[in-house]
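One structure is given below, encoded as structure tokens.
The values are calculated or read from the model by the stated rules, or taken from the named source; none is laboratory data. Everything quoted here is computed from the prediction, not taken from an experiment. A quick note on method: Cβ atoms are made from the backbone with ideal geometry, for glycine too, and the neighbour counts reach across all protein chains shown. With ligands, DNA and RNA removed, areas are computed over all heavy atoms of the protein, side chains included. Shrake-Rupley method; radii C 1.70, N 1.55, O 1.52, S 1.80 Å.
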Amino acid sequence: MGSPDIEVRRSRKRRRTVSAYREGGRTIVLIPARFTKAEEQQWVDTMLERLAKGDKKRRPSDAQLRTRSAELSQRYLGGQAKPTSIRWVTNQNSRWGSCTPSDGTIRISTRVRGMPAFVLDYVILHELAHLLSPGHGPDFWRLLEGYPRLERARGYLEGVAATAGLDLSDGETESDELGQAALDFGPSD
């Protein structure tokens with residue numbers, strides 16, 4: 001393949017299977033050594049399409065975030081939490097998500113993209129709850145009690161943070177001087 005973003009690796013041990021994965025901004029496609037150039041091209045195209053479908057499924061758009069937030073608000077918060085906007089952001093290096101209750105905006109860190117759906121749902125629901133209860137007091141946590149995967153999602157995020165050497169502190173952060181509430185993580189001490 002001539003593209004610098006795609007690397008095809010042929011293997012004599014590989015008989016029939018083809019696989020592909022992403023590695024550092026590149027796509028690696030593994031094929032049997034016996035494939036012709038035409039078969040190689042066909043399988044590269046097929047695998048790129050499959051990876052793109054998987055990416056789209058695991059990495060929803062801002063519009064899909066809006067739809068999902070409305071569904072979660074309806075299901076778990078009686079439809080009371082209505083953000084004015086919800087979007088992905090790349091500048092949250094110490095947060096999974098944040099919310100500004102005064103203007104109804106929610107931002108979700110792109111670090112959450114690709115995590116299991118129940119984790120993304122928890123992060124969205126957490127931020128939606130801040131629209132109704134800005135801090136992390138008892139009223140806030142009561143809003144989240146109905147989410148059946150609450151502890152599992154929090155555990156998942158704690159595991160990700162621990163593996164990365166970060167300290168998750170979502171239960172302690174109240175709100176900052178701008179009236180923002182957030183699901184934070186930061187460097188561990």
**Request:** Identify the single condition in (1) small (Gly, Ala, Ser); (2) modelled with pLDDT under 95; (3) more than 16 Å from the chain's Cα centre (by Cα) that residue 63 does not satisfy, given that it satisfies every other one.
**Result:** (3)
**Request:** Out of 85, 61, 73, report the one residue that is of a type in the set (S, T, N, Q), touching a Ser or Thr at 6+ places or on another chain (Cβ under 6 Å) and without any contact (Cβ under 8 Å) to a residue 60 or more places away in the chain.
**Result:** 85
**Prompt:** For residue 16, which of the numbered conditions (1) at pLDDT below 90; (2) part of a helix (DSSP H, G or I) fails to hold?
**Reply:** (2)
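Taking the stated definitions as given, is residue 54 in contact with a helix residue (DSSP H, G or I) (Cβ under 6 Å, 6 or more places away or on another chain) and closer than 30 Å to residue 22 by Cα?
Values: in contact with a helix residue (DSSP H, G or I) (Cβ under 6 Å, 6 or more places away or on another chain): no; closer than 30 Å to residue 22 by Cα: yes.
It is false that residue 54 is in contact with a helix residue (DSSP H, G or I) (Cβ under 6 Å, 6 or more places away or on another chain) and closer than 30 Å to residue 22 by Cα.
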**Item:** Unique match (being modelled with pLDDT of 85 or more and loosely packed, with under 10 Cβ neighbours inside 10 Å) among 36, 27
**Value:** 36
**Message:** So, in the range 88-100, how many residues would count as being in contact (Cβ under 8 Å) with a residue 24 or more places away in the chain, under 13 Å from the mean Cα position of the chain (by Cα) and surrounded by fewer than 20 Cβ atoms within 10 Å (Cβ to Cβ)?
**Reply:** 1
**Asked** Do the conditions hold for residue 68, that is, is it surrounded by fewer than 19 Cβ atoms within 10 Å (Cβ to Cβ), touching a helix residue (DSSP H, G or I) at 6+ places or on another chain (Cβ under 9 Å) and part of a helix (DSSP H, G or I)?
**Response** yes
**Message:** Scan the range 145-155 and tell me whether some residue there is at pLDDT below 95 and open to solvent by less than 20 Å² (accessible area, probe 1.4 Å).
**Reply:** no
**Asked** Identify, please: which residue in the range 104-126 is open to solvent by less than 20 Å² (accessible area, probe 1.4 Å), at pLDDT 90 or above and of a type in the set (Val, Ile, Thr) and is, among those, farthest from residue 69 (Cα to Cα)?
**Response** 119
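Taking the options 112, 29, 8, name whichever one is of a type in the set (A, V, I, L, M) and out of contact with any Asp or Glu (no Cβ under 9 Å at 6 or more places or on another chain).
112
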**Of the criteria (1) among the aliphatic types (A, V, I, L, M); (2) at pLDDT 90 or above; (3) over 30 Å from residue 119 (Cβ atoms), which one residue 1 fails** = (2)
